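Novice: Let me begin by handing over the structure; questions about it come next.
The values are calculated or read from the model by the stated rules, or taken from the named source; none is laboratory data. Treat the numbers as computed from the prediction; the structure is a model and nothing was measured. Neighbour counts run over all protein chains shown; Cβ positions are idealised from the backbone, glycine included. These area figures cover heavy atoms from the full protein model, side chains too; ligands, DNA and RNA do not enter into them. Shrake-Rupley method; radii C 1.70, N 1.55, O 1.52, S 1.80 Å.
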There are 2 protein chains.
Amino acid sequence: MRRPRLGDIGEFGWIARLLRRTGAAGSRSGILLGLGDDAAVVRLAPPILVTTDVLVEGVHFRRTWGTPRQLGRRAFAVNASDIAAMGGIPAFALVDLRAPASVPVRYLDEVYSGFCRAAARYRTALVGGNTSRSRELSVAVTLLGSAAAGYATRAGCRVGDDLYVTGRLGLARAGLETLYDGKRSGVSVRRFLEPPVRVVLAQALVRTGLLGGMIDISDGCLQDLRHLCAASDVGAIVEAHRVPIAPGYRHAAGEGLRLALHGGEDYELLFSARPTLAHHLPALRRRARCPITRIGRIVAARDGLRVVDQHGQVLPVRHGGHDHFGRRGR
Amino acid sequence: MRRPRLGDIGEFGWIARLLRRTGAAGSRSGILLGLGDDAAVVRLAPPILVTTDVLVEGVHFRRTWGTPRQLGRRAFAVNASDIAAMGGIPAFALVDLRAPASVPVRYLDEVYSGFCRAAARYRTALVGGNTSRSRELSVAVTLLGSAAAGYATRAGCRVGDDLYVTGRLGLARAGLETLYDGKRSGVSVRRFLEPPVRVVLAQALVRTGLLGGMIDISDGCLQDLRHLCAASDVGAIVEAHRVPIAPGYRHAAGEGLRLALHGGEDYELLFSARPTLAHHLPALRRRARCPITRIGRIVAARDGLRVVDQHGQVLPVRHGGHDHFGRRGR
């Protein structure tokens, strides 16, 4: 018997299926009306954060790279990372799923499973969305979050702040390059397919009252640092030997640093904070169960953005990181 | 000189361009942080409405059918229609624009112009979004709205309610069929490309306190009535001779009624209300400057959904309306 495809059950069939499946995943306080009407109706403590990001087949992923559950999980994670970068709490999600009619229904079920499972871990409920036919498979997510305890922006860096990064960098990009090389296994591939969600740590940082500017690393550490510096009108010095390079994969000399500084796809947090944050680091690391590493400091805008070695010598760095349309990056 | 294409300016170039262009369109109260950070930060009176809908090239539109401004305008209108169907007020928008790198930047500028102009008329500000490379052009919009004065749902119909529709039906679908036939002009084509936005009327309806269930007609009057009936657990009788069929195009006998009942794309409101709404109709019509027509009444679920002629004779109606994945509709 042929397995049912999206074209067989139709849009209404799919919505009905989704309603049955997400009954449990959709439950959290604040939902006055969930899936199935013209719009969802929710309550959320102000101020409200809202962000959207997409995964397009052939641009951001290939179907052969991972499981549909990983795709759904990643669609949640990259959006939750934007909410985390603001120090907020994700609460409600909309999913815009597009697929050729030939895609098996089971594949799409699994995408939603991965999404809902990851979302549920952060008490985030699927309240709306859209399913449409399309030539290419894609998953777009819109997340609404709350920032009742305050929020961080890219513009908050001040001269004299220390510069920090969470986790270890470079592994996700190594995984992406491995996938492009046609291999499909290894810790780096998994790290690419399953980005971290730093929501809990980000909130803890906001609550210290010592946070400066913050961004999540999607385009590459230096590229995203440029965004921070531009928004805050400051410069920065990165000490290359302090950059936490991910272990777990073999790399040529200098290759690890290249991936860590330029690779992107890390979805770690890059932030500045007042020097007294140092006192909070042990507690924050325990809370977040991930490394938090000081990699440099914020300086005046006129001093620009520089990467230095342990002797203070300025290292040459190429400009640019990931860009969806340009020739650089992918 | 070759005109710049999306691939030439890159994602960051496009975002910078957008920031410059939407400075004015993005201004309204409640925006704590607009475009350019990881998430937007807004204030909005609860409860909050949120909806998303997409226009995909080759599925929902063809580039040759209209101007890019009309495409942008339509992307706003179909989403605002969902907010209107809840009786809410659109406030903040996110736009997920995807395009092949070969698309001229000017084309995308015009899409945003059309969107922002339509949005500004309803004091709706663009606060976020995403631009991505894609094989097919598409515009997805997420709208956040407010329902501080209360909201309507599909589940509000009660036995004894009158059934109403706004505007005149069928013309938009006639326009779509004209476009499929390769013609590109005429009042029906324009009606398809430029759907109405019934936000003001919908709010006035909510304020009467007499509104039952409400939905906007995108799939076809009868199909959307089925959604209303299912959500409200009621039946309905539609009096065919009362259905306001759009003039302005020539049609064979019965063709106008077919388009009005099954065509879809109207983006008019279909709603039930207590019989005393009749007293408010003159004022509501003046306010909305559009027809509001009683086309039938809500009956018990066991009586099903029937279309009758002026003698009360039940007319045969086909099942189904528009379905993005199925064979019916398009």
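Novice: Out of all the residues in the stretch B:229-240, which are under 24 Å from B:LEU171 (Cβ atoms) and either among the small types (Gly, Ala, Ser) or out of contact with any helix residue (DSSP H, G or I) (no Cβ under 9 Å at 6 or more places or on another chain) (or both)?
Specialist: Result: B:ALA236, B:GLU239, B:ALA240.
Novice: Does A:VAL243 fit the bill of being among the β-branched types (Val, Ile, Thr) and at pLDDT below 90?
Specialist: no
Novice: Can you say whether B:ARG274 is farther than 22 Å from B:ALA300 by Cα and of a type outside the set (A, V, I, L, M), as far as the supplied structure shows?
Specialist: No; evaluated as a whole, the condition is false for this residue.
Novice: Further question: Scan the stretch B:252-271 and tell me whether some residue there is surrounded by 23 or more Cβ atoms within 10 Å (Cβ to Cβ) and farther than 24 Å from B:LEU171 by Cβ.
Specialist: Checked against the condition, which is being surrounded by 23 or more Cβ atoms within 10 Å (Cβ to Cβ) and farther than 24 Å from B:LEU171 by Cβ, the stretch B:252-271 yields no hits at all.
Novice: Which residues, counting only those in the stretch B:128-142, are more than 8 Å from every other protein chain (Cβ to nearest Cβ) and either open to solvent by 40 Å² or more (accessible area, probe 1.4 Å) or assigned to a strand (DSSP E or B) (or both)?
Specialist: Listed by number, the residues that qualify are B:VAL139, B:VAL141.
Novice: Taking only pairs six or more apart or across chains, which ones have beta-carbon atoms under 6 Å, a first residue in the stretch A:50-73 that is more than 14 Å from chain B (Cβ to nearest Cβ), and a second residue that is aliphatic (A, V, I, L, M)?
Specialist: From residues that are more than 14 Å from chain B (Cβ to nearest Cβ), the pairs are A:TRP65/A:LEU179; A:GLY66/A:LEU193; A:PRO68/A:VAL111; A:GLN70/A:LEU193; A:LEU71/A:VAL111; A:GLY72/A:VAL111; A:ARG73/A:ALA118.
For every residue, the table says whether it meets (1) closer than 18 Å to B:LEU44 by Cβ; (2) of a type in the set (Lys, Arg); (3) more than 16 Å from the chain's Cα centre (by Cα).
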| site | (1), (2), (3) |
| --- | --- |
| B:PRO90 | yes, no, no |
| B:ALA101 | no, no, yes |
| B:VAL105 | no, no, yes |
| B:VAL127 | yes, no, yes |
| B:ASN130 | no, no, yes |
| B:GLY156 | no, no, yes |
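Novice: Could you go through the stretch B:61-73 and let me know if any residue there is open to solvent by 10 Å² or more (accessible area, probe 1.4 Å), within 16 Å of the chain's Cα centre (by Cα) and at pLDDT below 95.
Specialist: Looking for residues that are open to solvent by 10 Å² or more (accessible area, probe 1.4 Å), within 16 Å of the chain's Cα centre (by Cα) and at pLDDT below 95, one finds at least one in the stretch B:61-73, hence yes.
Novice: How about the stretch B:160-208: which of its residues are over 14 Å from the mean Cα position of the chain (by Cα) and polar (S, T, N, Q)?
Specialist: Answer for the stretch B:160-208, where residues must be over 14 Å from the mean Cα position of the chain (by Cα) and polar (S, T, N, Q): B:THR178, B:SER185, B:SER188, B:GLN203, B:THR208.
Novice: Need pairs with beta-carbon distance below 6 Å; first residue surrounded by 11 or more Cβ atoms within 10 Å (Cβ to Cβ) and small (Gly, Ala, Ser) and within the stretch B:306-323, second at pLDDT 70 or above and assigned to a loop (DSSP other than H, G, I, E, B); sequence gap 6+ or separate chains.
Specialist: So the pair list comes out as B:GLY321/B:ASP219; B:GLY321/B:GLY220; B:GLY321/B:GLY264.
Novice: In the stretch B:276-312, which residues are of a type in the set (S, T, N, Q) and at pLDDT 95 or above?
Specialist: Correct list: B:THR276, B:THR293.
Novice: Would you check if B:ALA125 is more than 7 Å from chain A (Cβ to nearest Cβ) and not acidic (Asp, Glu)?
Specialist: yes
Novice: Okay, moving on. Determine whether B:THR153 is within 14 Å of chain A (Cβ to nearest Cβ), polar (S, T, N, Q) and touching a strand residue (DSSP E or B) at 6+ places or on another chain (Cβ under 9 Å).
Specialist: yes
Novice: Under 27 Å from A:GLY156 (Cα atoms), more than 7 Å from every other protein chain (Cβ to nearest Cβ) and open to solvent by 10 Å² or more (accessible area, probe 1.4 Å) - does that describe any residue in the stretch A:91-114?
Specialist: No: zero hits.
For (1) farther than 18 Å from A:ILE292 by Cβ; (2) touching a Ser or Thr at 6+ places or on another chain (Cβ under 7 Å), each residue gets a yes or a no:
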{"residue": "A:GLY170", "(1), (2)": "no, no"}
{"residue": "A:ALA174", "(1), (2)": "yes, yes"}
{"residue": "A:CYS229", "(1), (2)": "yes, no"}
{"residue": "A:ASP233", "(1), (2)": "yes, no"}
{"residue": "A:HIS241", "(1), (2)": "no, no"}
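Novice: Do you know which residues across the stretch B:1-42 are at pLDDT 70 or above and hydroxyl-bearing (Ser, Thr, Tyr)?
Specialist: B:SER29
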